[in-house]
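Throughout, read-outs are computed from the coordinates displayed, never taken from laboratory work. This is a predicted model, so every value here is computed, not measured. Cβ coordinates were reconstructed from backbone atoms using ideal geometry, including for glycine residues, and neighbour counts include every protein chain displayed.
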Amino acid sequence: HSHLTDAERHGHWQRIAEGKVQVVVGARSAIFAPTPHLGLIVVDEEHESTFKQESAPRYHARDVAVARAKMESIPVVLGSATPSLESYHRARIGQYTLLEMPRRVLDRPMPAVGTIDLRLQVHGRHSRGMISRQLHAAMHESLADDGQIILLLNRRGFSTHIQCPACGHVVQCPHCEIALTHHRTKETALCHYCEYEIPAPRACPQCDFEGIRYSGQGTQRLEAEVRARFPDATYLRMDTDTMRARGSHEKALDAFRRGDVRILLGTQMIAKGLDFPNVTLVGVINADTALHLPDFRAAERTFHLVTQVAGRTGRGDKGGRVLVQTFSPDHPAIRAALRHDYAAFAASELPMRESLLYPPFAGMIRYVVRGPSQETTEAFAAEMAQRLRQSLEAERAEGRVLGPAVAPLARLRGMYRFQIHIHGPNRHRLRRAARAAAAELQSPDEVQWIADVDPLAML
């Protein structure tokens, strides 16, 4: 894994190649381990997006695992409580064998899940803060019963939006045109994409108005609220800001496991794979953080996250419950997650994917064209899209080209970004057409472009 030094990684690689290691456990790069007598591959939490490497060479470790297992004539097990729709669909049509485990260990019941409609909180008299009245009461009850609590908010920082109420100016990154996030620990405003950082402004940079407003929700703000509401309870925040030091992740979880910490709050890193029998309450602070992103997998990722974090409670004799705060309690992904009903979610999501020719019913390639000049970059993206249309027609690929269009993150690190999507039911023809279109394509010197086959990152 990435925390190993080059020397440590080389030593492990050497021992594996010499046949001195029987079981290899690792992150996505472990799939390339030089095992001389490989007999089984297990991909745990196969739905995880981190199995896809987003820089060249781009690959998905799950797909590499399936290909390697086929080459070596060995079985591969893709494990998940919430499988990716791609894997689930392949099992439905007989490409994979579906093995279901409908019961929990020791036949424990699934935790009761309730929703808290945040729309009612806004219109009520008690709408201040991130923790609703119902969740606050449940936390008091859990702490009184010597239980532990997990609070999930998949957004780090203190305030995610800094805006002047006088002139409307939003404090943005000059390189990315994205709102800076306030981090109270160092009193800075930070861009989460390029690490641009400035001191947190006390007055509006545009008009000098001193009443500049910090708004939005982040894990630092949640930590401050927990500290104020439960001053006698021990708590710990886990996000990429607090877990930078080597071994910090393990130390934090060990403290929670021993019971030294009563309330664990953080981002998605606390949502999966943890087994703490004394956790009697899980609170999802806002289930909608990723639900309405311009990404066709937004609903699937929300379902995965809520379902996975709900599984962190009810693992001991005390049982447990889950409270989900949301502005969208009627969304199919939220409703299915509340019932732990994967089949219902798949039944609602797959027909929509099929009608729109999205994976798993079609192949997809995403192109991102970026450059310092908006006009030059857009012109090259238009030329590329035209070539792709011609190439698809020549290959009779029955596909379609969407774009070029401004990418959801329109400017990053000083580069303007445009995107093109191509979809087609025949993956081989789609890729042949893509290769043919790129064969003699010459981009301007300052313009860069990438082709991402079967993309997971859509922003």
Cα shape, the chain, gyration tensor, a/c 1.5 rule: oblate
Find, among the trypsin sites (Lys or Arg not before Pro) in the stretch 217-287, those assigned to loop by DSSP (not H, G, I, E, B) with at most 12 other beta-carbon atoms within 10 angstrom. Arg244, Arg246
Residue-wise HN-Hα coupling along the stretch 359-371, computed from phi with Karplus coefficients 6.51, -1.76, 1.60 (Hz; x: Gly, Pro): x, x, 8, 8, x, 8, 10, 10, 9, 10, 10, 9, x
Roughly speaking, what is the centre-to-centre gap between the stretch 358-403 and the stretch 269-309 when only Cα atoms are used, to the nearest Å? 33
Any helix of the chain counts here only if DSSP assigns it H throughout, its Cα atoms span 24 Å or more along the axis, and its mean Kyte-Doolittle hydropathy is at least 1.0, and such helices are none
Would you mind calculating the relative contact order of the stretch 363-453 from Cα pairs under 8 angstrom and at least 6 residues apart, reporting the percent as a whole number? 46
Low-density loop positions, GluC sites (Glu not before Pro), the stretch 142-242 - DSSP coil, at most 16 other Cβ in 10 Å: Glu177, Glu187, Glu195, Glu210
If the cut-off is 29 Å between C-alpha atoms, which lysines fall inside it for Lys251, apart from same-chain ones fewer than 8 positions away? Lys52, Lys186, Lys272, Lys318
